[in-house]
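The structure appears right after this line, and notes come after that.
The values are calculated or read from the model by the stated rules, or taken from the named source; none is laboratory data. No experiment lies behind these values; they were computed from the predicted model shown. Note: ideal-geometry Cβ built from the backbone for every residue, glycine included; neighbour counts use all protein chains shown.
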Amino acid sequence: MSVAPPSSPIAPRPLGTDAPATCEVPHFAPVRVRGGRHQLHRLLRHRRRALTAGLAVTAAALLAAGPREADGARGHPVAEPVRQHRAVEKVSAPVRIADGATVRLLRPGDRVDVIAAQAAASGGDAQVIARGARVAKVPEPLDAATGSGALVVLSVPRSTAARLAGASATARLAVTLC
């Protein structure tokens, strides 16, 4: 004996028809906040108080922000003011070094001492012209200028650049790595 399943008494409805019916929203008077208009009138009548209060809030905000790093610290003054060191202006100085093979060892960023060696006829003195000069650039050597040394560009203070230019006119320059 086979039993057939009972058929569903409710047939499926189309979509959206199974939602409950909408109900009407009752009518009510608008909501009004009491005293709002009166507070604005009172504020306008007492403009000085409002201006004073605004200035006080602004002053408090500025005080809370505090001084920046450049302004220094607030509070008691320092007994001895800190000396401000003047920034040294660096310039690029091209320098011809007598030994071209030494220049090929240099890379940008290296620190070198520049030494001026006088000719043997004038006493053969050697003196340091620049200490700790940073190598900015090492240009590629030209084939024709191999006998006259090699060029290197140093980043040095302006006064040191003037000494380097003067020494290169009268002496042979050499470098040592720092």
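Looking at the stretch 73-93, can you tell me whether even one residue there is at pLDDT 70 or above, on the phi > 0 side of the Ramachandran plot and under 32 Å from the mean Cα position of the chain (by Cα)?
Checked against the condition, which is being at pLDDT 70 or above, on the phi > 0 side of the Ramachandran plot and under 32 Å from the mean Cα position of the chain (by Cα), the stretch 73-93 yields no hits at all.
Give the residue, chosen from Ala136, Ala145, that is of a type in the set (Gly, Ala, Ser) and modelled with pLDDT under 90. Reasoning before the result, please.
Working: Ala136 fails: modelled with pLDDT under 90.
Among Ala136, Ala145, only Ala145 is of a type in the set (Gly, Ala, Ser) and modelled with pLDDT under 90.
Would you say Leu154 is within 16 Å of Pro94 (Cβ to Cβ), part of a helix (DSSP H, G or I) and at pLDDT 90 or above? If you could, list the steps in order and put the result at the bottom.
Working: within 16 Å of Pro94 (Cβ to Cβ): yes; part of a helix (DSSP H, G or I): no; at pLDDT 90 or above: yes.
No: the conditions fail for Leu154.
Among the residues of the stretch 100-116, is any of a type in the set (Lys, Arg) and either over 17 Å from Cys178 (Cα atoms) or modelled with pLDDT under 80 (or both)?
First pass over the stretch 100-116, keeping only residues of a type in the set (Lys, Arg): 104, 107, 111.
Then keep just the ones that are either over 17 Å from Cys178 (Cα atoms) or modelled with pLDDT under 80 (or both); that gives none.
Checked the stretch 100-116: no residue is of a type in the set (Lys, Arg) and either over 17 Å from Cys178 (Cα atoms) or modelled with pLDDT under 80 (or both).
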